[in-house]
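Chemist: Got a structure for you, questions after.
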Amino acid sequence: MKEVVMDGDVQSLVTWMNFKAMRDPHFYGIFSVDKEGRLANLFWRDGQSLTDYNAFGDILIFDSSEKCNIYGKPLAVFVGCNNHRATVLFGCVLLVDQTEETYNWVITCFLTSMHGKKPTSVIINSDDAIGNVVTNLIPKARHRLCAWHVGKNGCQHLEDVDTQRHFFYLIFAGLINEEWESAWQYFMTLNHLENNEWVTSMYNKRERWAEAFFRDHFFGGICSTQRCDQMHRNLGEGIDCYMKLYEVLPRMEKTIEQIRNQRGVHPTTGASLISLMQYGKPEKMWIVSYQPYESNPTFVCSCKLFESDGIPCCHIFAVMKFEMLTTLPESLVNKRWTKEATVKRTLSSSGLVSNMSVQIARYGDLMAQCAKICHMSSYSEEGYDETREALSQLTVQSQKYWGGSEFEDSVLTQSQPGDLTRHPEEARTFD
């Protein structure tokens, strides 16, 4: 058994990982050593990564970045896409090099940490060492090359701009296989590329980069490793090549926590917490609390525009668009700004008007409604009978709302004349 050389940096790193494991029972960390017993590769992931992978591990994106520490170890990340199309982190690894042997160790550790669950779709940025490892360890998964890197290589090997544009079309065109083959032959003939070795090599592995050959397989609309690139940029903030490992990993953990909190959960209400940042100014941030009730979703934004002005803010509309809501919830409609505001204010009692004025206003409104009913029902015998019966029942029910008051029977005695109407049958007798 090899003896592991534990200097101060590595010892601090192992202590940090043990502390993480004590706080998180699902934390997983493992490292390898070189021939001299020094730290070589280091892989780790926390319990949240395991939860995310169990839910969204059908698509796996893997990529490595530049060196980010004093030892010159490149950082590689495993990421995916959740049900909100946001990037989720599955694991991180510091590599001793980028050989096939190292990648074999990395992928094996990753699958072991995820209890053997394998993805069905894998996206990487190259087809050399990592491509061979993915093919050997995850043979049933569809392996796809990053479309952005394929296009970048195309610009390096194809000088003519029109030729490059034609090649980009072949990368992303949603054609059936036969149509794509015809388009490729036209591309070769038009640009005289029959003897171009790079173009020939790309054709031989066309099933790993052309969109036409992935139309029968689920990739969730993802065709590049740009999610890894964004994760690298986020994790790389505040980290440089002069830092030691015991400084790098805790700082990365804080960044990961901030990324996850961009869509967190309120500890008390359970509402989704969504962070929005202004483009080009990440220091300007707003948090929208979203409670997805089926009948009437609720939103609360940290800018408090709705609470102060009664108008939903642009941050709430951004979340509504993200959640694909097609109608404005009632919770975002301030009655103060609607047509109903005037009616309700007129018919409600307040200290500014007397009870007599309010009662007369209600009486006038009800009389107008009854006049419409009586007018329409008077055109038929059936309508007359049904309406009269209904009014008789309403007359009995309305007694409980009256009950006598200081202006008892005021409207009936002051504004209504005597009974000048007769039953229709009686009217016919005198006509």
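Only the coordinates and a few stated rules stand behind these numbers; no lab work does. Source: prediction; values computed, not measured. We place every Cβ from the backbone using ideal geometry, glycine too, and count neighbours over all the protein chains shown.
Chemist: Under a crude label model (7 Å from the Cα following the beta-carbon direction), how far is residue 277 from residue 375 in nanometres?
Modeler: Reported label-point gap for residue 277 and residue 375 is 6.4 nm.
Chemist: Can you run phi through the Karplus equation (6.51, -1.76, 1.60; θ = phi - 60°) for the stretch 150-157 and list ³J(HN,Hα) in whole Hz, with x for Gly and Pro?
Modeler: Using θ = phi - 60°, the values come out as 4, x, 5, 5, x, 5, 6, 9 Hz.
Chemist: Let me ask something else. Could you calculate the FRET efficiency of residue 162 with residue 294 from 1/(1 + (r/R0)^6), where r is the beta carbon distance between them and R0 is 60 Å, rounded to 0.05?
Modeler: Between residue 162 and residue 294 the formula returns 0.70.
Chemist: Figure the gain on full extension for residue 26 and residue 196 (residue separation times 0.36 nm, minus the Cα-Cα span) and round it to one decimal in nm.
Modeler: Going from the current span to full extension adds 56.1 nm.
Chemist: On a full-extension model of 0.36 nm per residue, what is the gain between residue 389 and residue 169, subtracting their alpha-carbon distance, rounded to one decimal in nm?
Modeler: That works out to 71.6 nm of additional length.
Chemist: Taking N as the number of residues in the stretch 99-249, what is its alpha-carbon radius of gyration divided by 2.2 N^0.38 Å?
Modeler: Details: Rg = 18.1 Å, N = 151, 2.2 N^0.38 = 14.8 Å.
That works out to 1.22 for the stretch 99-249.
Chemist: Quickly work out the residue 358-to-residue 284 label distance, labels modelled 7 Å from Cα along the C-beta direction, and quote it in nm with one decimal.
Modeler: Here the modelled spin labels are 4.6 nm apart.
Chemist: Would you work out which of 146, 175, 189 lies farthest towards the positive end of the dipole of the stretch 140-203? Charges go on Cβ: Lys and Arg +1, Asp and Glu -1.
Modeler: 146
Chemist: Still on this structure: List the residues, sorted by chain then number, that are 5 or more residues from residue 88 or on another chain and whose placed amide H is less than 5 Å from its amide H.
Modeler: Amide H neighbours of residue 88: 80, 81, 82.
Chemist: With each label point set 7 Å from Cα along the Cα-Cβ vector, what nm distance links residue 205 and residue 323?
Modeler: The answer from the label model is 4.4 nm.
Chemist: Can you list residues whose amide H is under 5 Å from residue 224's amide H, if they're 5+ apart or on another chain and H is modeled 1.01 Å from N?
Modeler: Amide H to amide H, under 5 Å and 5 or more residues apart or across chains, residue 224 pairs with 147.
Chemist: Additional query: Hand me the chymotrypsin sites (Phe, Trp or Tyr not before Pro) from the stretch 292-337 located in a DSSP loop with no more than 12 other Cβ atoms within 10 Å, in residue order please. Walk me through the numbers before you get to the answer.
Modeler: Values: sites: 293, 299, 306, 317, 322, 337; in loops: 293.
Qualifying residues, ordered by number: 293.
Chemist: Further question: For a Förster distance of 41 Å, can you work out the FRET efficiency between the beta-carbons of residue 182 and residue 135, rounded to the nearest 0.05? Provide the component values of the computation, followed by the final result.
Modeler: Numbers: r = 29 Å, r/R0 = 0.70.
Taking R0 as 41 Å, the efficiency between residue 182 and residue 135 is 0.90.
Chemist: Could you state the number of Å between the C-alpha centres of the stretch 295-342 and the stretch 115-157?
Modeler: So the two Cα centres are separated by 44 Å.
Chemist: Now, a different point. Extension gain residue 367-residue 112, at 0.36 nm per residue separation less the Cα-Cα distance, in nm? Working shown, then result.
Modeler: On the way: separation 255, 0.36 × 255 = 91.80 nm, distance 7.86 nm.
Stretched out fully, the residue 367 to residue 112 stretch lengthens by 83.9 nm.
Chemist: Of the peptides 26-32, 329-335, how do they stack up when ordered by the mean number of other Cβ atoms within 10 Å, highest first?
Modeler: 26-32, 329-335
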